[in-house]
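*Asks:* Supplied in structure tokens, the structure appears directly below.
The values are calculated or read from the model by the stated rules, or taken from the named source; none is laboratory data. This is a predicted model, so every value here is computed, not measured. Heads up, the Cβs are rebuilt from the backbone with ideal geometry, glycines too, and the neighbour counts pull from every protein chain shown.
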Amino acid sequence: MDDTEARETAAHDTEHDICLSAGAGSGKTTVLIERLIHLLTECHVNLSEVVAITFTEKAAAELKTRLSGALRKQGGNSPSVGTLWQYDLTQAWIGTIHSFCGLLLRENVVEAGLNPAFEVLDEVKRDALCRRTVEGWIDEMLTEAGQGRGKFVPLLERVDLRRIRAMLEGLIAAPLKFSALVDLYAGDRAPEESPEHRSVRETLMAAAGDLMARWKAAQEEQGRVDFDGLLSRARDLLRDHPGVRTRYQRQFRYVHIDEFQDVDGVQADLVRLLCGFEKAEVECPPRLFIVGDPQQSIYRFRGADVDQFARMRQAIEGRGGLSLKLTRCFRSQARLVGFFNHAFSRAFVPPEDLPEESQITYIPLAWDRPEDPSAPAVEFLFLPTGGKVERAREEEADTLARRLRQMIDDREQIVGERQADGSEQRREVRPGDIALLFRAMTDVSIYEQALRDYNIPFYTVAGSGFFEKQEVMDVLNALRLLSRPHDRLAMVSVLRSPWVGAFDATLYWIAAEGAWEDLRSQALRQRIGPEETARLDGFFSWFEDLREQRDRLPLAELLSGLLDRTFYRVALSVQPDGRQALANLRKLLDLARQMDALPGSTLHDLVTHLEEREEYTPREAESALEIEEGDTVKLMSVHKAKGLEWPVVAVVDLGRGFLKSTEDLLCDPAVGIGMKLRDARLEMKAGPDYEKVKAGTIRLNAVEQQRLLYVAATRARDRLILSGSLDPEKFQPALGGESSWLQWIGAVYPIREGAITYSEGGQEGPIRVDLPPVMETSALVKGMTWPELTGAIRDTASQVEPDKKGWLAQLTPPPSDGLPGRVAVTELELFETCPRRYQLRRLLRLPEDTGSSPLSEAEDEGGDRPPALSVGALVHAALQQLSPDAAPEDLPGLVQSVVQEWGEEIVPIGPDAERAAVGLLEQWLRSKRWGEIRESPERQREVPFTLRVADELCLIGRFDLLYRDASGRWRVLDYKTDRVDGPASAHVEAYYALQQRAYGLAAARMLREKFAGVTFTFLRSGEEVCWEPSPEALSEAETHLRDAIASWSGAFRSEAFPRTGDTNRCVRCGYRVLCGR
């Protein structure tokens, strides 16, 4: 039977049970809707006689919407049909398997033994109740009075208690899994075991059985049922009550189950009982229509058993039913379909010893859409790397983001759109046409950052969990401290977070002085200095007020006060993900309002509630921010992408290895329980029983990974990008290998740069293969544009009261006269260390918390602002006036004269800074270098220079001092007031490499053979770093400067200023809150 005939039969045959195998993009939902319309309009079946079950609420809603629309469209031709679409489809038996079971139970609460008003346990409450049940049972087993203690306590000698607890919690939270294990060991497929292993396993299962009874009783006591309980109780209802079974077999004439490849054993049993495959009570039981694709079964981790599809197909055929296949793909263009057939007919290789029942044979697809001959439909973007995995992943993400940026900027004509005459026309690709699919979302933040760096808008669907977001953790820690002021961990978290921003050194001195209970102690304040003291005072100003009000204010008002008093929302708003962070804060406020609605709720109750949700729901979704139809690149797991499609799909991180469990205790309903047992030396040892279970689990997981890759690739309509990193020296392609997806692809296609072709079923096509070199930047300079950042800051400023704007009031617009013809060396140095800091400080002119900067705040050459208020600025200004004959007693007056000279342009710097400056100057007078300068016959201060190393602009700067040394040659001296941690040479290389090379090259060109070198002298430590460059070193310096200028110019032209990749530099940066680090 060909595809067309199979579609016609599936939609209109009402006399047979039908098993429909539907390939990816084959339009199975359209066939299902056409069948339902046929039953309702042509066969005049009542809506109450039809069941349609899906496995997600979204799929159920889509089915109802499309069915209603189709009925509405046909209503004009038939009066009887015209009223059907108006029928309340929300009352029809169309929904998820859980909603169907819930309806069965509510209609038969007496037979089911349930409270008529039973509630369904949500995941958070279920997990909390489950944990308390297990912990209570274990506590009882460890007491003298505990029944079964004689068996349980000896068990602890062989198995770790933590593993036992984890397994028991997992089993009672998933009773269907436990039921499958019971059936496995009771049947003829039970795995062979050693007597020792069997004894331990039977004890564990007996404990789980006891716990399962307690779990069921605990739910009944509270009048609640969890989701798995809905399924098992509905199955038991039909199995154990013939009258109920008879009623539903008579009521329902047609039962439809979508996505049948993802059912578990209990769901399959329920369908058999409902449709009379087991215990038929009527002559004509309901006709069953199942649709699915074993090639797309990817929910084994939830208990799905792909073997159930084959078993039900056999049962349908045994009852005279039909087995049909849909193989025409309407989703993907012809070249993609050809690639799918070529790749997966070879990659679907079953591991050795996999049961025949579990093996999947690839069914080739036929294409409906025409090919796009103008470009390859598939791109391999493989990055040869070595070293650390995380670094390799960052490079891969950067390369992929660069390719997407190029695709968008070049307006590549990729997306095919069907025209009225049936033909297709290509249009340019947009961000909303693209999806990045992940096997695991663990490292999605790396790819988010790469997209952010290239200014590609994106939206992550169920990425990092809500409680893993930094802003949520910050708020929870602040609430913990308000609720429990003596919580040391909460105190450290708050002090180190943006609430206070204290340095690590401050935390050290708090601990060293034992000042956790007295942060106002004088000894502590003397240790940490005035700047950190001011931070603590600011903390006290809001913390003590809110602490006094914590029991008087509603919880939402208390939380809102916390956010307002600290300007935390203002700081978040200018971060790259500020809108999402603010949405998450609104979600926290909503949670607080929900608690306010409960009588007697306290701050302690709110904190406890949030902590439970944090512990039991680590993957809770973030607050919804953007609609899925927005013009943004979507990032999501392959599981989330099931049933969706995009013109361009990138399957990323192909080199990620498959997880191989190293747990001491394995539990899998398909292969059994395997345990490492303690030997006489109390070491955990894996015996043959454990290894057999582990091997079986690995085999089944490998097959599921094959199907998962197939699902990911077949989401693409027009272009598929396969992206990953590999180590060429270690990479070993292998079909059916247990390493990674990339290992399989490499076994089918040679990974070499250029183009390779495939040919399958009459369809041929090229594959573009890119093996890009590792690079830090490209012509597409990464970063956030300053108009975007300015707009975010200004929007925030407009909502803040004038007297509370603080630094926001100092915001001035960036220059608008384009790229300047010259740039100061210190400007370029600042840009090179961190373009984002340069943008915030120089272009947006936001004031920096100078106490956070590791660099000195000397006056900037070529700048138009007064010197920074710092000891460094005072010392530099004083050194320019220091007489060779100056004595230590002259220094206070010299510093005072500098302060007076600055006049009213700045705020007085204060006596502490003046004393510190005098101390540094006294140390300088005692130095050997000052002695040499005093003896020099010629010396010049503040010597300006101009250095041209690129055609488009030149560098300008000033030498602090130029003097002739004892050899008769000239030496450049630059003063530094930094606090240096570690060798001074390393500090120079980290923060002043560009300045050192610019000064040396400029002086060498000016003085030629009379140039001696450049010396950086660190006044605080007395250390010096001298650079006496060779001609080769000067040539390298010129290259360094030319590259830096090119990057700087490119950033101005593209208005893109990325933040540094060196997070060590971010720790003490005064913009770290604004920047998002």
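*Asks:* For ARG411, all conditions in the list (1) surrounded by fewer than 18 Cβ atoms within 10 Å (Cβ to Cβ); (2) touching a residue at least 24 places away in the same chain (Cβ under 8 Å); (3) in a loop (DSSP other than H, G, I, E, B) hold save one; what is the number of the exception?
*Replies:* For ARG411, the failing item is (2).
*Asks:* When you scan region 157-198, how many residues do you find that are closer than 13 Å to LEU677 by Cα and either surrounded by 14 or more Cβ atoms within 10 Å (Cβ to Cβ) or in the same structural domain as LEU665 (by TED's automatic domain parsing) (or both)?
*Replies:* Going through region 157-198 one residue at a time, the tally reaches 7.
*Asks:* Kindly provide the set of residues from region 56-69 that are surrounded by 21 or more Cβ atoms within 10 Å (Cβ to Cβ) and under 33 Å from the mean Cα position of the chain (by Cα), ordered by number. Before the answer, list the steps.
*Replies:* Going through region 56-69, the residues surrounded by 21 or more Cβ atoms within 10 Å (Cβ to Cβ) turn out to be 63, 67.
Within region 56-69, LEU63 is the sole residue that qualifies.
*Asks:* Condition test on GLY422, is it out of contact with any helix residue (DSSP H, G or I) (no Cβ under 9 Å at 6 or more places or on another chain), of a type outside the set (Phe, Trp, Tyr) and in contact (Cβ under 8 Å) with a residue 60 or more places away in the chain? Write out each step before concluding.
*Replies:* On the way: out of contact with any helix residue (DSSP H, G or I) (no Cβ under 9 Å at 6 or more places or on another chain): yes; of a type outside the set (Phe, Trp, Tyr): yes; in contact (Cβ under 8 Å) with a residue 60 or more places away in the chain: no.
It is false that GLY422 is out of contact with any helix residue (DSSP H, G or I) (no Cβ under 9 Å at 6 or more places or on another chain), of a type outside the set (Phe, Trp, Tyr) and in contact (Cβ under 8 Å) with a residue 60 or more places away in the chain.
*Asks:* Would you point out which residue out of ARG496, ARG535 is under 27 Å from the mean Cα position of the chain (by Cα), under 29 Å from ARG1059 (Cα atoms) and of a type in the set (D, E, K, R)? Walk me through how you get there before you give the answer.
*Replies:* On the way: ARG535 fails: under 27 Å from the mean Cα position of the chain (by Cα).
Only one candidate qualifies: ARG496.
*Asks:* Could I ask something else about it? Within region 484-504, track down each residue that is closer than 19 Å to ARG979 by Cα and either touching a helix residue (DSSP H, G or I) at 6+ places or on another chain (Cβ under 7 Å) or outside the structural domain of VAL607 (by TED's automatic domain parsing) (or both). Reasoning before the result, please.
*Replies:* In the first step, residues of region 484-504 are kept if they are closer than 19 Å to ARG979 by Cα; the result is 502-504.
Correct list: ALA502, PHE503.
*Asks:* Exactly one condition in (1) in a loop (DSSP other than H, G, I, E, B); (2) not assigned by TED's automatic domain parsing to the domain that holds LEU103 is false for VAL282; which is it?
*Replies:* Looking at each condition in turn, VAL282 falls short on (2).
*Asks:* I'm trying to understand the selection: among the residues of region 677-698, which are at pLDDT below 80 and either among the basic types (Lys, Arg) or part of a loop (DSSP other than H, G, I, E, B) (or both)?
*Replies:* Correct list: ARG678, ASP679, ALA680, ARG681, LEU682, GLU683, LYS685, GLY687.
*Asks:* Kindly indicate whether GLU34 is under 23 Å from GLY292 (Cα atoms) and at pLDDT below 90.
*Replies:* Answer is no for this residue.
*Asks:* Next question. Identify all residues within region 285-313 that are hydrophobic (A, V, I, L, M, F, W, C), touching a Ser or Thr at 6+ places or on another chain (Cβ under 6 Å) and either more than 29 Å from LEU171 (Cα to Cα) or not assigned by TED's automatic domain parsing to the domain that holds ALA59 (or both); write none if there are none.
*Replies:* Within region 285-313, no residue meets the criteria.
*Asks:* Continuing with the same structure: Does region 237-252 contain any residue that is in contact (Cβ under 8 Å) with a residue 60 or more places away in the chain, in contact with a Gly (Cβ under 6 Å, 6 or more places away or on another chain) and in a helix (DSSP H, G or I)?
*Replies:* Taking every residue of region 237-252 in turn, none turns out to be in contact (Cβ under 8 Å) with a residue 60 or more places away in the chain, in contact with a Gly (Cβ under 6 Å, 6 or more places away or on another chain) and in a helix (DSSP H, G or I).
*Asks:* Take ASP305 and decide whether it is part of a loop (DSSP other than H, G, I, E, B), out of contact with any strand residue (DSSP E or B) (no Cβ under 9 Å at 6 or more places or on another chain) and within 24 Å of PHE227 (Cβ to Cβ). Before the answer, list the steps.
*Replies:* On the way: part of a loop (DSSP other than H, G, I, E, B): yes; out of contact with any strand residue (DSSP E or B) (no Cβ under 9 Å at 6 or more places or on another chain): yes; within 24 Å of PHE227 (Cβ to Cβ): yes.
The answer is yes for ASP305.
*Asks:* Another question about this same structure. Name the single residue, out of those in region 415-453 being assigned to a strand (DSSP E or B) and within 28 Å of the chain's Cα centre (by Cα), that is farthest from ALA401 (Cα to Cα). Quick ask: steps written out before the conclusion?
*Replies:* Here is the first cut: in region 415-453, the residues assigned to a strand (DSSP E or B) are 415-418, 424-428, 434-438.
When the remaining residues are screened for being within 28 Å of the chain's Cα centre (by Cα), the result is 415, 434-438.
On the way: VAL415: 19, ILE434: 11, ALA435: 12, LEU436: 10, LEU437: 14, PHE438: 15 Å.
Checking each candidate, the answer is VAL415.
*Asks:* Something else now. Keeping to region 993-1010, report how many residues are modelled with pLDDT under 90 and in contact with a strand residue (DSSP E or B) (Cβ under 9 Å, 6 or more places away or on another chain).
*Replies:* Pass one, region 993-1010, residues modelled with pLDDT under 90: 1002-1010.
If we keep only those that are in contact with a strand residue (DSSP E or B) (Cβ under 9 Å, 6 or more places away or on another chain) too, we end up with 1002-1007, 1010.
Going through region 993-1010 one residue at a time, the tally reaches 7.
*Asks:* What about GLU5, is it among the acidic types (Asp, Glu), closer than 15 Å to LYS325 by Cα and part of a helix (DSSP H, G or I)?
*Replies:* Working: among the acidic types (Asp, Glu): yes; closer than 15 Å to LYS325 by Cα: yes; part of a helix (DSSP H, G or I): yes.
Yes: the conditions hold for GLU5.
*Asks:* Do we find that LEU546 is buried (at least 18 other Cβ atoms within 10 Å of the Cβ) and closer than 24 Å to LEU582 by Cα in this structure? Full working, then the answer.
*Replies:* Working: buried (at least 18 other Cβ atoms within 10 Å of the Cβ): yes; closer than 24 Å to LEU582 by Cα: yes.
Yes; evaluated as a whole, the condition is true for this residue.
*Asks:* Sticking with this structure for a sec: Has region 1036-1056 got at least one residue that is at pLDDT below 75 and assigned to a loop (DSSP other than H, G, I, E, B)?
*Replies:* Taking every residue of region 1036-1056 in turn, at least one turns out to be at pLDDT below 75 and assigned to a loop (DSSP other than H, G, I, E, B).
*Asks:* Would you point out the residue of region 209-225, among those that are touching a strand residue (DSSP E or B) at 6+ places or on another chain (Cβ under 7 Å) and at pLDDT below 85, that is farthest from VAL266 (Cα to Cα)? Step through it out loud before you land on a result.
*Replies:* Restricting attention to region 209-225, the residues satisfying the condition of being touching a strand residue (DSSP E or B) at 6+ places or on another chain (Cβ under 7 Å) are 219, 223-225.
Within this subset, residues satisfying the condition of being at pLDDT below 85 are 219, 223-224.
Numbers: GLN219: 20, GLY223: 23, ARG224: 20 Å.
Out of the qualifying residues, it is GLY223.
*Asks:* Checking the conditions here, which among VAL31, VAL45, VAL51 is surrounded by 16 or more Cβ atoms within 10 Å (Cβ to Cβ), part of a strand (DSSP E or B) and in contact (Cβ under 8 Å) with a residue 60 or more places away in the chain?
*Replies:* On the way: VAL31 fails: part of a strand (DSSP E or B); VAL45 fails: part of a strand (DSSP E or B).
Within the list VAL31, VAL45, VAL51, the selection yields VAL51.
*Asks:* Please count how many residues of region 23-50 are among the aliphatic types (A, V, I, L, M) and out of contact with any Lys or Arg (no Cβ under 9 Å at 6 or more places or on another chain). Talk me through it step by step, then tell me what you get.
*Replies:* To start, the set of residues in region 23-50 that are among the aliphatic types (A, V, I, L, M) comprises 24, 31-33, 36-37, 39-40, 45, 47, 50.
Applying the additional criterion that residues be out of contact with any Lys or Arg (no Cβ under 9 Å at 6 or more places or on another chain) yields 32, 36-37, 40, 47.
Final tally of qualifying residues: 5.
*Asks:* Return the residues of region 699-734 that are assigned to a loop (DSSP other than H, G, I, E, B) and aliphatic (A, V, I, L, M); say none if nothing qualifies. Steps first, answer last, please.
*Replies:* Kept after step one, since they are assigned to a loop (DSSP other than H, G, I, E, B), are these residues of region 699-734: 714-715, 727-734.
Scanning region 699-734 gives a single hit, ALA734.
*Asks:* Another question about this same structure. Any residue in region 325-343 that is at positive phi and outside any helix (DSSP H, G or I)?
*Replies:* Step one: filter region 325-343 for residues at positive phi, giving none.
Looking through region 325-343, none of the residues is at positive phi and outside any helix (DSSP H, G or I).
*Asks:* Among the residues of region 470-481, are any buried (at least 16 other Cβ atoms within 10 Å of the Cβ), outside any helix (DSSP H, G or I) and in contact (Cβ under 8 Å) with a residue 24 or more places away in the chain?
*Replies:* no
*Asks:* Among the candidates LEU168, LEU129, LEU161, which residue alone is farther than 15 Å from ARG214 by Cα, modelled with pLDDT of 70 or more and out of contact with any strand residue (DSSP E or B) (no Cβ under 7 Å at 6 or more places or on another chain)? Show your work before the answer.
*Replies:* Details: LEU168 fails: farther than 15 Å from ARG214 by Cα; LEU129 fails: farther than 15 Å from ARG214 by Cα.
Just one listed residue meets the conditions, LEU161.
*Asks:* Out of all the residues in region 966-986, which are over 50 Å from the mean Cα position of the chain (by Cα) and surrounded by 17 or more Cβ atoms within 10 Å (Cβ to Cβ)? Reasoning before the result, please.
*Replies:* First, the residues of region 966-986 that are over 50 Å from the mean Cα position of the chain (by Cα): 966-971.
Result: TRP970, ARG971.
*Asks:* On to the next question. Please tell me if VAL823 is modelled with pLDDT under 85 and in a helix (DSSP H, G or I).
*Replies:* Values: modelled with pLDDT under 85: yes; in a helix (DSSP H, G or I): no.
No.
*Asks:* So for region 560-575 (the condition being touching a residue at least 40 places away in the same chain (Cβ under 8 Å) and of a type in the set (Gly, Ala, Ser)), does at least one residue qualify?
*Replies:* Within region 560-575, one or more residues are touching a residue at least 40 places away in the same chain (Cβ under 8 Å) and of a type in the set (Gly, Ala, Ser).
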